[in-house]
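Working notes, structure below.
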Amino acid sequence: MSLPRDAADAAPADEDEGDGEGDPAVMRRASWTQGKRLDVGLCQLGYTSPLPSPDDLDRYAAHLPDAPERLLAAGEREQAHRHEIERRLAAMDEGALPRFFAGERFAHAVSLLLGLAYLSAMVLAILQGYPLAGVGGATFGVAAVIWAVRRDPSSAVEAAEGESAPARSTPDVS
C-alpha cells in the first residue's frame, strides 16, 4: 500500500473527518508527505451564549419560521425578570444593612465598656495592694482581646454546631 505523496493527493476523508460521535464542530486534518505523517491538528469550535448560535437559529427558522424571534423574546423576558429580582434584592439590602450595622455598633460599644470595666477592676486591685493579681488579670485580659481579634469567626460557628461550618460564598448576580 502506498501513501499519498502530497497533502493535495490525500483522500477527502482525511480532510474533514468527524470525531466519531457525529459532531460537525470537531474536525481533524492530517497532512501526508512522502509516506510520513507530518502533523495532526484538532480544531473544536465553541459558542457560549444563553441563546442558540446563529447557525442553530437558521436551522430552527427552517422548521419554524418564527422560532428565532420567539427565542430572542424569551431571552429578553428572562433578562428583564433577572433585573427585577436583582432590584428587589438591592432594595432588601438597603433596609437590612443599616439595622445590621446598628447592631454591630451596639456590640462594639458594649465590648468597649466591659473591657474598660475589667481594666478598671485590675487597676483597683493594684491600688488595693494586690499587684500580682492586678498585673496577672490585666495580662490575661489583653491576651483575651488579642485572641478574640485574631481568631477565625467560623470556628465559633463550628464549635456551636458541633460540625464544620458551611462554605461561605457570595451569590452569583451576573
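The values are calculated or read from the model by the stated rules, or taken from the named source; none is laboratory data. Note that the structure is a prediction, hence the values are computed from the model and not measured. Glycine gets a Cβ as well: all are built from the backbone with ideal geometry, and neighbour counts include every protein chain shown.
Residue-wise test of (1) at pLDDT below 90; (2) at positive phi; (3) over 29 Å from the mean Cα position of the chain (by Cα).
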{"site": "Val40", "(1), (2), (3)": "yes, no, yes"}
{"site": "Leu51", "(1), (2), (3)": "yes, no, no"}
{"site": "Glu69", "(1), (2), (3)": "no, no, yes"}
{"site": "Glu86", "(1), (2), (3)": "no, no, no"}
{"site": "Leu89", "(1), (2), (3)": "no, no, no"}
{"site": "Glu94", "(1), (2), (3)": "yes, no, no"}
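Can you say whether Ala133 is exposed (fewer than 11 other Cβ atoms within 10 Å of the Cβ) and of a type outside the set (Val, Ile, Thr), as far as the supplied structure shows?
Numbers: exposed (fewer than 11 other Cβ atoms within 10 Å of the Cβ): no; of a type outside the set (Val, Ile, Thr): yes.
No.
Among the numbered conditions (1) exposed (fewer than 11 other Cβ atoms within 10 Å of the Cβ); (2) at pLDDT 85 or above; (3) in the same structural domain as Val145 (by TED's automatic domain parsing); (4) not acidic (Asp, Glu), tell me where Gly75 comes up short.
It is condition (1) that Gly75 fails.
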